[in-house]
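In what follows, a single structure is set out as structure tokens and then discussed.
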Amino acid sequence: MAAEKKVILVTGGTGLVGKAIEAIAREEEKRSDEEWFFASSKDGDLSDRAQTQALFDRVKPTHVIHLAALVGGLFRNLKYNLDFFRINSLINDNVLNISYQTGVKKVVSCLSTCIFPDKTTYPIDETMIHNGPPHTSNFGYSYAKRMIDVQNRGYHQQHGCHFTAVVPTNVYGPYDNFNLEDGHVLPGLIHKAHTAQKEKKPFVIWGTGAPRRQFIYSLDLARLMIWVLREYQEIDPIILSVSEEEEVSIKEAAEAVLEAMNFKGEVILDTTKSDGQFKKTASNAKLKKLRPDFRFTPFKQAIKETCDWYLTNYPKVRL
């Protein structure tokens, strides 16, 4: 008997993670019984119920990977916490409710480590997400993301839906947003190194370079998210991350970028700038138990691939 055809809708499908899933699903993990549709904001405003409904009516998904969100850097989050909460809450409610109403078999939503409590013990794991308020700087975005987990449990309890979520640590890779104000730390360092090289100026690391982060390469995250869609049976979320031992300092990350970009200029630590949170260490014990075979791309190799992509695609990259 032929396998039932899966139609997989990926919301936010043209961003960093969506592009990585597309690359892996269409090359490395290609299956004949899967049809993928990668939606962008051009396919509909998901904060609008009617436009979300129209997208679902057109694609008729059996499965959904929900990546779409209104995102911004620290400064935009600080200024517009209410907007980030309201718009993301609308997006998530529309996607999950229409998935339920149209009989979607499984939804995998993407959360963020910013949802973790600000004051906590480390390493943090999946059971600790709701154990206290998130950091005040982006509480609007964080609470909207947390509510996906609340809705997943509600849809499962009330309607038997298989809605779940993943929590990746700091994602980087091709198709990232390399804007210094709105982008994340690694793409910001890549953009800064390229600019310093071009303008023959020193490369400046903001802060002491001491804070530590777990970074996950977008292609590794894509491999794991496809596995979650196909195999992961729980409603409870799962953290997708390298292990604690693979945490790197901002200074080490900057050095890996400078090596990949072959930067030869002066490097300065600007300690007048704030370091931000020192660490947000997440436990990947649950992932390791379920996927002991999974091998992450070595950090320096993944940084080199990202830098090469950036240089090849400049000036079309998102800045």
Residues of region 23-50 classified as touching a residue at least 24 places away in the same chain (Cβ under 8 Å) and open to solvent by less than 50 Å² (accessible area, probe 1.4 Å), total: 11
Which listed residue is polar (S, T, N, Q), over 14 Å from Leu16 (Cβ atoms) and in contact with a strand residue (DSSP E or B) (Cβ under 6 Å, 6 or more places away or on another chain), from Asn170, Asn152: Asn152
Residue match in region 289-297 (condition: charged (D, E, K, R), open to solvent by less than 70 Å² (accessible area, probe 1.4 Å), in contact (Cβ under 8 Å) with a residue 60 or more places away in the chain and under 17 Å from Lys251 (Cβ atoms)): no
Residue count for region 116-139, restricted to those that are open to solvent by less than 70 Å² (accessible area, probe 1.4 Å), modelled with pLDDT under 95 and assigned to a helix (DSSP H, G or I): 2
Among the candidates Ser109, Ser99, residue that is crowded, with 21+ Cβ neighbours inside 10 Å, among the small types (Gly, Ala, Ser) and part of a helix (DSSP H, G or I): Ser99
Any hit, region 48-59, residues being under 21 Å from the mean Cα position of the chain (by Cα) and either charged (D, E, K, R) or farther than 18 Å from Leu229 by Cα (or both): no
Qualifying residue in region 197-214 (condition: under 24 Å from Asn138 (Cα atoms), small (Gly, Ala, Ser) and surrounded by 22 or more Cβ atoms within 10 Å (Cβ to Cβ)): no
Top-ranked residue in region 164-196 [being open to solvent by 10 Å² or more (accessible area, probe 1.4 Å), polar (S, T, N, Q) and part of a strand (DSSP E or B); ranked as farthest from Ala302 (Cα to Cα)]: Asn177
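Results for (1) out of contact with any Lys or Arg (no Cβ under 8 Å at 6 or more places or on another chain); (2) charged (D, E, K, R); (3) within 26 Å of Lys60 (Cβ to Cβ), shown as yes or no for each residue.
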{"position": "Tyr100", "(1), (2), (3)": "yes, no, yes"}
{"position": "Thr121", "(1), (2), (3)": "yes, no, no"}
{"position": "Glu126", "(1), (2), (3)": "no, yes, no"}
{"position": "Phe139", "(1), (2), (3)": "yes, no, no"}
{"position": "Tyr143", "(1), (2), (3)": "yes, no, no"}
Any chance Gly188 is free of Cβ contacts under 8 Å to residues at least 12 places away in the same chain and small (Gly, Ala, Ser): yes
Selection count where residues are in a loop (DSSP other than H, G, I, E, B), open to solvent by 20 Å² or more (accessible area, probe 1.4 Å) and free of Cβ contacts under 8 Å to residues at least 60 places away in the same chain, scope region 56-69: 3
Of residues in region 74-96 being of a type in the set (S, T, N, Q) and open to solvent by less than 30 Å² (accessible area, probe 1.4 Å), the one nearest to Ile148 (Cα to Cα): Asn92
Whichever residue in region 2-22 is in a loop (DSSP other than H, G, I, E, B) and on the phi < 0 side of the Ramachandran plot and, among such residues, is least open to solvent (accessible area, probe 1.4 Å): Gly13
Close pairs (6 angstrom Cβ cut-off, 6 or more residues apart or separate chains): without any contact (Cβ under 8 Å) to a residue 40 or more places away in the chain and of a type in the set (Ser, Thr, Tyr) in region 191-207, surrounded by fewer than 20 Cβ atoms within 10 Å (Cβ to Cβ) and not in a strand (DSSP E or B) anywhere: none
Flag for Ala50 being of a type in the set (Gly, Ala, Ser) and over 26 Å from Tyr172 (Cα atoms): yes
Odd one out for Ser218, checked against (1) open to solvent by 10 Å² or more (accessible area, probe 1.4 Å); (2) within 17 Å of Thr297 (Cα to Cα); (3) polar (S, T, N, Q): (1)
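So that you can scan it fast, the table gives a plain yes or no per residue for (1) open to solvent by less than 10 Å² (accessible area, probe 1.4 Å); (2) modelled with pLDDT under 95:
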position	(1), (2)
Arg230	no, no
Pro237	yes, no
Glu244	no, yes
Leu258	no, no
Gln277	no, yes
Leu287	yes, no
Tyr310	yes, no
Tyr314	no, yes
Val317	no, yes
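The values are calculated or read from the model by the stated rules, or taken from the named source; none is laboratory data. Fair warning: this is a prediction, and the values are worked out from it, not measured in the lab. Cβ coordinates were reconstructed from backbone atoms using ideal geometry, including for glycine residues, and neighbour counts include every protein chain displayed. Note: areas computed on protein heavy atoms with side chains; ligands, DNA, RNA excluded. Shrake-Rupley method; radii C 1.70, N 1.55, O 1.52, S 1.80 Å.
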